[in-house]
Each structure stands twice: as C-alpha cells, then as structure tokens.
Amino acid sequence: MSDIKLTVEEWAEIVVKIWEEKMFQLGISDTFQLANSFAFHVIGNAGGDVQRIEFAFNYYGMFVDMGLGRGMKLADRFAGSKRQRKPWYSKTFMREVKKLGYIIAEKYGYMGAITIVDGIEGKAD
C-alpha cells in the first residue's frame, strides 16, 4: 500500500478507460484512432514518489473537446455556430485529478500513521 507510483499508474489506466467510454458516449468521430493514441508515463524517484504524470494522445482530440477544428475557430464557435463541444477530456480529467489528490492524501495519511505506531512501539530505524 505504500508504493504511490503503482497507485498513480493504476489511476492513469482508469483515466484512459474513462476517456474512452466518454468518447463512445458522445459519438466522437475517429474514436478508435484517438483512443489508440492514448499513452501515459508516470515519472517517479527510486522511493516510489511520483514527480510527474504525462498523458499523450492525438492533438486533434483537444479540438473535439472544445468544439473546434476543420476550419472552425474558437471565435466562430461563439458566434452562433451549430458545432457543439464534446467534452470527453477536460471535465473528466479535472474530476479525476481531484480524486487522485484524495487517494494520495489517504495513502500518505496511512503511511504516516504506520510510522507513528512503529515509532511508539520502538520499531523505527
């Protein structure tokens, strides 16, 4: 339970699955091509502490999320265009990042409690 990096890697896999489900729900064209482009990399130190999480996917996916692309500019979208946003990425990602914060806080809290108990019992190094 103490390896934060493994927890974050599992979280990143879940995020990718949620993105894929959201894309299918919204009927995004080229869903399979976009989904196949998903990749992530968790960068951590030797102790298992996470330094950074990097997600990668085809860039056009961001335009789909914002309702842009194929000649559609942001200003045009607000000027009465019928093109709709398909928010598969932004809202989902922010919600999941918040969940990750709670998960990591809980893990560090647990690790801190174990350290205190071990110190009281004389097991600390």
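The values are calculated or read from the model by the stated rules, or taken from the named source; none is laboratory data. Bear in mind that the values here come from a model prediction, so they are computed numbers and not experimental data. A quick note on method: Cβ atoms are made from the backbone with ideal geometry, for glycine too, and the neighbour counts reach across all protein chains shown.
Take segment 1-53 and flag every residue that is within 11 Å of the chain's Cα centre (by Cα), under 17 Å from residue 65 (Cβ atoms) and among the aliphatic types (A, V, I, L, M).
Of everything in segment 1-53, those that are within 11 Å of the chain's Cα centre (by Cα), under 17 Å from residue 65 (Cβ atoms) and among the aliphatic types (A, V, I, L, M) turn out to be 15, 16, 18.
Inside segment 1-52, can you point out the residues that are in a helix (DSSP H, G or I), over 20 Å from residue 99 (Cβ atoms) and not aliphatic (A, V, I, L, M)? Give the derivation first.
Let us first name the residues in segment 1-52 that are in a helix (DSSP H, G or I), namely 4-26, 31-36.
Going one step further and asking which of them are over 20 Å from residue 99 (Cβ atoms), we end up with 24, 26, 31-36.
24, 31, 32, 33, 36, listed by residue number.
Here are 56, 124: which of them is at pLDDT below 90, surrounded by fewer than 16 Cβ atoms within 10 Å (Cβ to Cβ) and either under 12 Å from the mean Cα position of the chain (by Cα) or of a type in the set (A, V, I, L, M) (or both)?
Values: 56 fails: at pLDDT below 90.
None of the others qualify; the one that does is 124.
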